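To start, the structure under review is shown below, and the notes come after it.
The values are calculated or read from the model by the stated rules, or taken from the named source; none is laboratory data. No experiment lies behind these values; they were computed from the predicted model shown. Neighbour counts run over all protein chains shown; Cβ positions are idealised from the backbone, glycine included. Please note that ligands, DNA and RNA were not included when accessible areas were found on the heavy atoms of the full protein model with its side chains. Shrake-Rupley method; radii C 1.70, N 1.55, O 1.52, S 1.80 Å.
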Amino acid sequence: MGYGVGDHPLWQYLIQPVIAGIVGYGTNVLALEMTFRPIEFFGLELFRLKDQPWGLFGWQGIIPTKAEKMASVCFDLMTTKLINMKEVFDRLDPAKFSEVMEDALLLTLDSIVNEVAMQYMPKVWSNLPREVKDEVVVAMNIESEQFLTAFMDDVKENIDDILDIKQMTVSACVREKKLVNKIFQECGEKEFVFIRQSGLYFGFLFGLIQMGVFFVYDAVWVLPVFGFLVGWATNWLALKVIFRPLNPHKFGPITIHGIFLKRQQEVSETFARVNCVEILHTKAIWETILNGPLSQNFFAMLRAHSIVFTEKLVGGMKPFAVTALGSGQFSEMKEEIARKIADSLPAMMPHSYQYTTEALDMENTIRVKMSALSYPEFEGVLHPAFEEDEILLIFVGGVLGLCAGAIQTVML
(Lines give C-alpha, C1' and ligand atoms only; values in the text may rest on other atoms or scores of the structure.)
Protein backbone atom coordinates (compact mmCIF):
# COMPACT_ATOMS: atom_id res chain seq x y z
CA MET A 1 0.00 0.00 0.00
CA GLY A 2 1.48 3.37 -1.00
CA TYR A 3 1.61 6.68 0.79
CA GLY A 4 -1.73 8.44 1.01
CA VAL A 5 -3.19 11.77 2.00
CA GLY A 6 -6.80 11.90 3.08
CA ASP A 7 -8.87 9.36 1.19
CA HIS A 8 -6.58 9.06 -1.84
CA PRO A 9 -3.05 7.86 -2.57
CA LEU A 10 -0.46 10.66 -2.85
CA TRP A 11 0.15 10.05 -6.54
CA GLN A 12 -3.50 10.88 -7.32
CA TYR A 13 -2.87 14.39 -6.01
CA LEU A 14 0.57 14.85 -7.56
CA ILE A 15 -0.55 13.74 -11.00
CA GLN A 16 -3.33 16.31 -11.22
CA PRO A 17 -1.12 19.35 -12.13
CA VAL A 18 0.64 17.20 -14.73
CA ILE A 19 -2.65 16.08 -16.25
CA ALA A 20 -3.96 19.65 -16.11
CA GLY A 21 -0.86 20.81 -18.01
CA ILE A 22 -1.39 18.12 -20.62
CA VAL A 23 -5.08 19.01 -20.85
CA GLY A 24 -4.22 22.71 -21.22
CA TYR A 25 -1.74 21.93 -23.98
CA GLY A 26 -4.10 19.50 -25.70
CA THR A 27 -7.11 21.81 -25.60
CA ASN A 28 -5.08 24.68 -27.05
CA VAL A 29 -3.70 22.50 -29.83
CA LEU A 30 -7.15 21.14 -30.67
CA ALA A 31 -8.72 24.60 -30.50
CA LEU A 32 -6.15 25.89 -33.01
CA GLU A 33 -6.71 22.91 -35.28
CA MET A 34 -10.45 23.51 -35.14
CA THR A 35 -9.84 27.16 -35.99
CA PHE A 36 -8.25 26.30 -39.34
CA ARG A 37 -9.47 22.81 -40.20
CA PRO A 38 -11.20 21.20 -41.92
CA ILE A 39 -11.34 23.58 -44.87
CA GLU A 40 -14.78 22.32 -45.86
CA PHE A 41 -17.53 21.00 -43.59
CA PHE A 42 -16.81 17.46 -42.42
CA GLY A 43 -19.65 15.26 -41.21
CA LEU A 44 -23.39 14.95 -41.75
CA GLU A 45 -24.82 18.41 -42.31
CA LEU A 46 -28.34 17.65 -41.07
CA PHE A 47 -28.70 21.10 -39.51
CA ARG A 48 -26.45 24.13 -39.58
CA LEU A 49 -26.83 27.84 -38.97
CA LYS A 50 -25.39 30.20 -41.56
CA ASP A 51 -21.76 31.16 -41.00
CA GLN A 52 -21.42 28.81 -38.05
CA PRO A 53 -18.67 26.14 -38.00
CA TRP A 54 -20.73 23.55 -36.14
CA GLY A 55 -23.62 21.51 -37.43
CA LEU A 56 -25.53 18.31 -36.76
CA PHE A 57 -23.27 16.50 -37.05
CA GLY A 58 -19.86 17.85 -38.03
CA TRP A 59 -17.45 20.76 -38.05
CA GLN A 60 -15.73 23.21 -40.37
CA GLY A 61 -12.75 25.33 -39.37
CA ILE A 62 -13.86 28.69 -37.95
CA ILE A 63 -11.75 30.76 -40.33
CA PRO A 64 -12.73 28.79 -43.50
CA THR A 65 -16.38 29.05 -42.38
CA LYS A 66 -16.17 32.83 -42.19
CA ALA A 67 -13.67 33.34 -45.02
CA GLU A 68 -15.94 35.79 -46.85
CA LYS A 69 -16.74 37.87 -43.78
CA MET A 70 -13.16 37.87 -42.49
CA ALA A 71 -11.74 38.79 -45.90
CA SER A 72 -14.28 41.60 -46.24
CA VAL A 73 -13.54 43.06 -42.78
CA CYS A 74 -9.79 42.72 -43.25
CA PHE A 75 -9.90 44.31 -46.71
CA ASP A 76 -12.06 47.24 -45.60
CA LEU A 77 -9.58 48.03 -42.86
CA MET A 78 -6.65 47.54 -45.23
CA THR A 79 -8.00 49.97 -47.86
CA THR A 80 -8.80 52.63 -45.26
CA LYS A 81 -5.41 52.41 -43.56
CA LEU A 82 -2.89 50.90 -45.98
CA ILE A 83 -3.58 51.33 -49.69
CA ASN A 84 -5.47 53.61 -52.05
CA MET A 85 -5.82 52.04 -55.51
CA LYS A 86 -5.99 55.43 -57.25
CA GLU A 87 -2.70 56.48 -55.66
CA VAL A 88 -1.13 53.10 -56.45
CA PHE A 89 -2.13 53.18 -60.13
CA ASP A 90 -0.93 56.77 -60.46
CA ARG A 91 2.57 55.30 -60.26
CA LEU A 92 2.16 53.71 -63.70
CA ASP A 93 3.97 55.60 -66.44
CA PRO A 94 1.80 55.29 -69.60
CA ALA A 95 4.83 55.90 -71.84
CA LYS A 96 6.79 53.11 -70.12
CA PHE A 97 3.74 50.83 -70.28
CA SER A 98 3.47 51.54 -74.00
CA GLU A 99 7.15 50.74 -74.45
CA VAL A 100 6.94 47.28 -72.84
CA MET A 101 3.80 46.48 -74.85
CA GLU A 102 5.00 47.91 -78.18
CA ASP A 103 6.48 44.81 -79.84
CA ALA A 104 3.51 42.58 -79.02
CA LEU A 105 1.04 45.25 -80.16
CA LEU A 106 2.79 45.90 -83.49
CA LEU A 107 2.88 42.20 -84.34
CA THR A 108 -0.82 41.91 -83.52
CA LEU A 109 -1.72 45.05 -85.47
CA ASP A 110 0.14 43.85 -88.56
CA SER A 111 -1.78 40.57 -88.42
CA ILE A 112 -5.15 42.28 -87.84
CA VAL A 113 -4.80 44.83 -90.64
CA ASN A 114 -3.65 42.19 -93.10
CA GLU A 115 -6.43 39.78 -92.09
CA VAL A 116 -9.23 42.37 -92.30
CA ALA A 117 -7.94 43.93 -95.54
CA MET A 118 -7.80 40.48 -97.16
CA GLN A 119 -11.33 39.83 -95.90
CA TYR A 120 -12.87 43.04 -97.28
CA MET A 121 -10.72 43.87 -100.33
CA PRO A 122 -8.42 40.93 -101.11
CA LYS A 123 -7.54 41.93 -104.69
CA VAL A 124 -6.91 45.57 -103.93
CA TRP A 125 -4.81 44.76 -100.86
CA SER A 126 -2.77 42.10 -102.69
CA ASN A 127 -2.01 44.45 -105.58
CA LEU A 128 -1.28 47.45 -103.41
CA PRO A 129 2.23 48.88 -103.93
CA ARG A 130 4.72 48.03 -101.21
CA GLU A 131 5.31 51.69 -100.38
CA VAL A 132 1.59 52.19 -99.60
CA LYS A 133 1.60 49.19 -97.25
CA ASP A 134 4.76 50.57 -95.67
CA GLU A 135 2.90 53.80 -94.92
CA VAL A 136 0.37 51.79 -92.95
CA VAL A 137 3.23 50.15 -91.00
CA VAL A 138 4.75 53.56 -90.27
CA ALA A 139 1.35 54.78 -89.08
CA MET A 140 1.17 51.75 -86.79
CA ASN A 141 4.52 52.60 -85.21
CA ILE A 142 3.57 56.22 -84.64
CA GLU A 143 -0.01 55.77 -83.54
CA SER A 144 0.38 52.61 -81.41
CA GLU A 145 2.44 54.45 -78.80
CA GLN A 146 -0.07 57.28 -78.62
CA PHE A 147 -2.92 54.78 -78.47
CA LEU A 148 -1.49 52.87 -75.50
CA THR A 149 -0.36 56.03 -73.72
CA ALA A 150 -3.79 57.67 -74.00
CA PHE A 151 -5.51 54.42 -73.05
CA MET A 152 -3.41 53.92 -69.90
CA ASP A 153 -3.94 57.55 -68.89
CA ASP A 154 -7.66 56.79 -69.03
CA VAL A 155 -7.19 53.55 -67.05
CA LYS A 156 -5.30 55.39 -64.30
CA GLU A 157 -7.88 58.14 -64.11
CA ASN A 158 -10.82 55.72 -63.91
CA ILE A 159 -9.32 52.74 -62.07
CA ASP A 160 -12.12 52.72 -59.47
CA ASP A 161 -14.66 52.37 -62.28
CA ILE A 162 -13.00 49.35 -63.88
CA LEU A 163 -11.51 47.47 -60.90
CA ASP A 164 -13.50 46.24 -57.91
CA ILE A 165 -10.54 45.34 -55.74
CA LYS A 166 -12.72 44.28 -52.81
CA GLN A 167 -14.69 41.85 -54.94
CA MET A 168 -11.40 40.49 -56.27
CA THR A 169 -9.91 39.81 -52.85
CA VAL A 170 -13.07 38.48 -51.20
CA SER A 171 -13.85 36.20 -54.16
CA ALA A 172 -10.30 34.82 -54.09
CA CYS A 173 -10.58 34.06 -50.36
CA VAL A 174 -13.98 32.38 -50.73
CA ARG A 175 -12.84 30.39 -53.75
CA GLU A 176 -9.58 29.36 -52.05
CA LYS A 177 -10.29 29.32 -48.33
CA LYS A 178 -6.73 28.15 -47.72
CA LEU A 179 -5.61 31.71 -48.57
CA VAL A 180 -7.30 33.15 -45.46
CA ASN A 181 -5.77 30.38 -43.37
CA LYS A 182 -2.37 31.12 -44.86
CA ILE A 183 -2.57 34.84 -44.04
CA PHE A 184 -3.43 34.20 -40.39
CA GLN A 185 -1.09 31.21 -39.98
CA GLU A 186 1.96 32.96 -41.40
CA CYS A 187 1.31 36.30 -39.70
CA GLY A 188 0.61 34.62 -36.35
CA GLU A 189 3.05 31.73 -36.60
CA LYS A 190 4.97 32.60 -33.42
CA GLU A 191 1.80 33.45 -31.50
CA PHE A 192 0.34 30.03 -32.30
CA VAL A 193 3.48 28.39 -30.93
CA PHE A 194 2.99 30.44 -27.77
CA ILE A 195 -0.69 29.44 -27.52
CA ARG A 196 0.23 25.75 -27.68
CA GLN A 197 3.03 26.01 -25.13
CA SER A 198 1.14 28.33 -22.79
CA GLY A 199 -1.56 25.71 -22.42
CA LEU A 200 0.99 23.47 -20.74
CA TYR A 201 2.30 26.19 -18.38
CA PHE A 202 -1.04 27.71 -17.45
CA GLY A 203 -2.65 24.30 -17.20
CA PHE A 204 0.00 23.14 -14.71
CA LEU A 205 -0.55 26.24 -12.54
CA PHE A 206 -4.32 25.76 -12.56
CA GLY A 207 -3.68 22.10 -11.78
CA LEU A 208 -1.96 23.08 -8.54
CA ILE A 209 -5.11 24.93 -7.50
CA GLN A 210 -7.20 21.96 -8.57
CA MET A 211 -5.02 19.68 -6.44
CA GLY A 212 -5.58 21.86 -3.38
CA VAL A 213 -9.34 21.92 -3.88
CA PHE A 214 -9.45 18.16 -4.45
CA PHE A 215 -7.53 17.64 -1.22
CA VAL A 216 -10.21 19.30 0.89
CA TYR A 217 -13.22 18.46 -1.28
CA ASP A 218 -13.12 15.44 -3.59
CA ALA A 219 -16.68 15.48 -4.94
CA VAL A 220 -17.22 13.70 -8.22
CA TRP A 221 -17.81 16.99 -10.08
CA VAL A 222 -14.55 18.66 -9.01
CA LEU A 223 -12.32 17.26 -11.78
CA PRO A 224 -14.78 17.85 -14.66
CA VAL A 225 -15.46 21.42 -13.48
CA PHE A 226 -11.77 22.17 -13.09
CA GLY A 227 -11.13 20.54 -16.46
CA PHE A 228 -13.60 22.98 -18.00
CA LEU A 229 -12.01 25.89 -16.14
CA VAL A 230 -8.49 24.83 -17.19
CA GLY A 231 -9.52 24.55 -20.87
CA TRP A 232 -11.41 27.85 -20.74
CA ALA A 233 -8.81 29.80 -18.79
CA THR A 234 -5.75 28.63 -20.73
CA ASN A 235 -7.36 29.61 -24.05
CA TRP A 236 -8.59 32.93 -22.63
CA LEU A 237 -5.20 33.83 -21.16
CA ALA A 238 -3.31 32.81 -24.30
CA LEU A 239 -5.53 34.95 -26.53
CA LYS A 240 -5.46 37.83 -24.07
CA VAL A 241 -1.68 38.18 -23.84
CA ILE A 242 -1.33 38.12 -27.63
CA PHE A 243 -3.10 41.49 -28.04
CA ARG A 244 -2.94 42.96 -24.55
CA PRO A 245 -1.74 45.25 -23.25
CA LEU A 246 -2.32 47.29 -26.40
CA ASN A 247 0.46 49.74 -25.62
CA PRO A 248 3.74 48.81 -23.90
CA HIS A 249 3.93 49.27 -20.13
CA LYS A 250 7.31 49.43 -18.44
CA PHE A 251 7.84 48.09 -14.92
CA GLY A 252 11.47 48.70 -14.09
CA PRO A 253 13.56 46.65 -16.52
CA ILE A 254 10.49 44.69 -17.70
CA THR A 255 8.25 45.83 -20.56
CA ILE A 256 4.85 44.21 -20.85
CA HIS A 257 3.23 44.34 -24.28
CA GLY A 258 0.97 42.13 -26.40
CA ILE A 259 3.30 39.59 -28.03
CA PHE A 260 1.70 40.03 -31.46
CA LEU A 261 1.99 43.81 -31.26
CA LYS A 262 5.69 43.59 -30.38
CA ARG A 263 6.28 41.93 -33.77
CA GLN A 264 4.67 44.74 -35.80
CA GLN A 265 7.59 45.13 -38.22
CA GLU A 266 7.91 41.38 -38.84
CA VAL A 267 4.16 40.84 -39.17
CA SER A 268 3.84 43.79 -41.57
CA GLU A 269 6.44 42.26 -43.86
CA THR A 270 4.72 38.86 -43.79
CA PHE A 271 1.23 40.30 -44.27
CA ALA A 272 2.34 42.36 -47.27
CA ARG A 273 4.22 39.45 -48.86
CA VAL A 274 1.45 36.88 -48.49
CA ASN A 275 -1.26 39.24 -49.74
CA CYS A 276 0.70 40.43 -52.76
CA VAL A 277 1.95 36.97 -53.74
CA GLU A 278 -1.35 35.15 -53.24
CA ILE A 279 -4.10 37.74 -53.84
CA LEU A 280 -3.11 41.28 -54.86
CA HIS A 281 -0.73 40.29 -57.66
CA THR A 282 -0.69 41.87 -61.12
CA LYS A 283 -2.13 38.86 -62.94
CA ALA A 284 -5.14 38.75 -60.61
CA ILE A 285 -5.66 42.50 -60.96
CA TRP A 286 -5.74 42.37 -64.76
CA GLU A 287 -7.93 39.25 -64.77
CA THR A 288 -10.41 41.07 -62.55
CA ILE A 289 -10.35 44.14 -64.78
CA LEU A 290 -10.98 41.92 -67.81
CA ASN A 291 -13.50 39.51 -66.31
CA GLY A 292 -14.81 41.11 -63.11
CA PRO A 293 -18.14 42.85 -62.44
CA LEU A 294 -16.85 46.17 -63.87
CA SER A 295 -15.31 44.67 -67.02
CA GLN A 296 -17.98 46.25 -69.26
CA ASN A 297 -16.64 49.69 -68.27
CA PHE A 298 -13.11 48.64 -69.20
CA PHE A 299 -14.12 47.27 -72.60
CA ALA A 300 -16.24 50.35 -73.36
CA MET A 301 -13.15 52.47 -72.63
CA LEU A 302 -10.93 50.19 -74.71
CA ARG A 303 -13.39 50.22 -77.63
CA ALA A 304 -13.54 54.03 -77.63
CA HIS A 305 -9.73 54.27 -77.80
CA SER A 306 -9.55 51.50 -80.41
CA ILE A 307 -11.96 53.37 -82.70
CA VAL A 308 -9.93 56.60 -82.47
CA PHE A 309 -6.73 54.61 -83.05
CA THR A 310 -8.20 52.81 -86.08
CA GLU A 311 -9.31 56.11 -87.63
CA LYS A 312 -5.71 57.30 -87.55
CA LEU A 313 -4.31 53.91 -88.56
CA VAL A 314 -6.32 53.46 -91.75
CA GLY A 315 -6.35 57.12 -92.77
CA GLY A 316 -3.78 56.47 -95.50
CA MET A 317 -5.90 53.63 -96.88
CA LYS A 318 -9.09 55.68 -97.14
CA PRO A 319 -8.87 56.97 -100.76
CA PHE A 320 -8.39 53.59 -102.43
CA ALA A 321 -10.40 51.66 -99.83
CA VAL A 322 -13.49 53.87 -100.26
CA THR A 323 -13.13 53.58 -104.04
CA ALA A 324 -12.93 49.78 -103.79
CA LEU A 325 -15.54 49.25 -101.05
CA GLY A 326 -17.72 52.30 -100.83
CA SER A 327 -18.01 54.42 -97.67
CA GLY A 328 -20.42 51.97 -96.00
CA GLN A 329 -18.17 48.94 -96.22
CA PHE A 330 -15.12 51.03 -95.39
CA SER A 331 -16.79 52.07 -92.13
CA GLU A 332 -17.64 48.42 -91.52
CA MET A 333 -13.99 47.47 -92.10
CA LYS A 334 -12.85 50.09 -89.59
CA GLU A 335 -15.30 48.72 -87.06
CA GLU A 336 -13.91 45.24 -87.61
CA ILE A 337 -10.32 46.39 -87.12
CA ALA A 338 -11.28 48.29 -83.96
CA ARG A 339 -13.16 45.25 -82.63
CA LYS A 340 -10.22 42.93 -83.26
CA ILE A 341 -7.80 45.34 -81.58
CA ALA A 342 -10.07 45.54 -78.53
CA ASP A 343 -10.41 41.75 -78.48
CA SER A 344 -6.66 41.16 -78.87
CA LEU A 345 -5.25 43.65 -76.37
CA PRO A 346 -6.20 41.66 -73.23
CA ALA A 347 -4.16 38.70 -74.46
CA MET A 348 -1.10 40.97 -74.64
CA MET A 349 -1.35 42.14 -71.02
CA PRO A 350 1.07 39.48 -69.65
CA HIS A 351 3.86 41.42 -71.41
CA SER A 352 3.19 44.24 -68.94
CA TYR A 353 3.07 42.17 -65.73
CA GLN A 354 6.69 42.66 -64.67
CA TYR A 355 6.67 46.41 -65.25
CA THR A 356 3.24 46.82 -63.62
CA THR A 357 4.33 44.89 -60.52
CA GLU A 358 7.46 47.02 -60.17
CA ALA A 359 5.60 50.29 -60.78
CA LEU A 360 2.66 49.63 -58.43
CA ASP A 361 5.05 48.43 -55.69
CA MET A 362 2.11 47.28 -53.61
CA GLU A 363 4.02 44.92 -51.33
CA ASN A 364 6.42 47.62 -50.21
CA THR A 365 3.58 50.12 -49.85
CA ILE A 366 1.56 47.83 -47.57
CA ARG A 367 4.63 46.88 -45.54
CA VAL A 368 5.78 50.46 -44.95
CA LYS A 369 2.32 51.82 -44.10
CA MET A 370 1.47 48.88 -41.84
CA SER A 371 4.77 49.24 -40.00
CA ALA A 372 4.01 52.91 -39.36
CA LEU A 373 0.56 52.33 -37.84
CA SER A 374 -0.01 53.04 -34.17
CA TYR A 375 -0.47 49.94 -32.03
CA PRO A 376 -4.28 50.32 -31.86
CA GLU A 377 -4.42 50.79 -35.65
CA PHE A 378 -2.11 47.83 -36.23
CA GLU A 379 -4.28 45.58 -34.07
CA GLY A 380 -7.31 46.84 -36.00
CA VAL A 381 -6.05 45.45 -39.31
CA LEU A 382 -6.11 41.77 -38.29
CA HIS A 383 -7.73 41.29 -34.88
CA PRO A 384 -11.32 42.43 -35.71
CA ALA A 385 -11.55 39.79 -38.46
CA PHE A 386 -11.79 36.99 -35.88
CA GLU A 387 -12.34 38.85 -32.59
CA GLU A 388 -16.03 37.99 -32.37
CA ASP A 389 -15.22 34.28 -32.63
CA GLU A 390 -12.70 34.24 -29.77
CA ILE A 391 -15.43 33.26 -27.31
CA LEU A 392 -16.15 30.19 -29.44
CA LEU A 393 -12.48 29.19 -29.31
CA ILE A 394 -12.46 29.66 -25.54
CA PHE A 395 -15.66 27.66 -25.16
CA VAL A 396 -14.27 24.84 -27.30
CA GLY A 397 -11.25 24.73 -24.98
CA GLY A 398 -13.57 24.55 -21.97
CA VAL A 399 -15.63 21.69 -23.40
CA LEU A 400 -12.52 19.70 -24.30
CA GLY A 401 -11.20 20.28 -20.76
CA LEU A 402 -14.53 19.14 -19.30
CA CYS A 403 -14.28 15.87 -21.24
CA ALA A 404 -10.71 15.35 -20.02
CA GLY A 405 -11.80 16.02 -16.43
CA ALA A 406 -14.62 13.49 -16.72
CA ILE A 407 -12.15 10.89 -17.93
CA GLN A 408 -9.90 11.68 -14.94
CA THR A 409 -12.83 11.13 -12.58
CA VAL A 410 -13.45 7.69 -14.02
CA MET A 411 -9.78 6.74 -14.00
CA LEU A 412 -8.96 8.11 -10.53
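Key figures for this structure:
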quantity: Cα convex hull of the chain, projected area averaged across orientations, nm²; calculated: 28.6 nm²
quantity: Relative contact order %, the chain, counting alpha carbon pairs below 8 Å whose residues are six or more apart; calculated: 30 percent
quantity: Helix axis angle, 67-81 relative to the chain longest principal axis, alpha carbon, degrees; calculated: 70 degrees
quantity: Helix 222-243 axis, angle to the chain major axis (alpha carbon atoms, nearest 10°); calculated: 40 degrees
quantity: Other-chain or far-sequence residues with amide H under 5 Å of R37's (modelled H); calculated: G61, I62
quantity: Degrees between helix 295-313 axis and first principal axis of the chain (Cα, 0 to 90, nearest 10); calculated: 20 degrees
quantity: Within-14-Å neighbourhood charge of E266 [Cβ basis; K, R +1; D, E -1]; calculated: +1
quantity: Amide H partners (placed H, <5 Å) of F42, local residues excluded; calculated: W59, Q60
quantity: Nearest-20 debye value, region 70-213 charge dipole, Cβ charges on Lys, Arg, Asp, Glu; calculated: 1180 debye
quantity: Mean accessible surface per residue for region 276-358, computed with a 1.4 Å probe while every protein chain stays in place, in Å²; calculated: 46 Å²
quantity: The chain - charge dipole about Cα centre, Lys and Arg +1 at Cβ, Asp and Glu -1, debye rounded to 20; calculated: 1100 debye
quantity: Environment charge of L290, counting only residues whose C-beta is closer than 13 Å and scoring Lys/Arg +1, Asp/Glu -1; calculated: -2
quantity: Whole-number accessible area per residue in Å² for region 213-260, which is evaluated in the context of all protein chains at 1.4 Å; calculated: 54 Å²
quantity: Dipole of the chain, positive direction: furthest Cα of Y217, I391, G24, with charges on the beta-carbon; calculated: Y217
quantity: Extreme residue, positive dipole direction of the chain, given options H249, L148, S171 (C-beta unit charges); calculated: H249
quantity: Burial order of peptide ranges 167-173, 26-32 (average beta-carbon count within 10 Å, highest first); calculated: 26-32, 167-173
quantity: About the Cα centre, charge dipole magnitude for region 124-168 (Lys/Arg +1, Asp/Glu -1 at Cβ), debye; calculated: 260 debye
quantity: Under the Karplus curve 6.51 cos²θ - 1.76 cosθ + 1.60, θ = phi - 60°, whole-Hz ³J(HN,Hα) for region 245-256, x wherever Gly or Pro sits; calculated: x, 5, 10, x, 10, 9, 10, x, x, 9, 10, 9
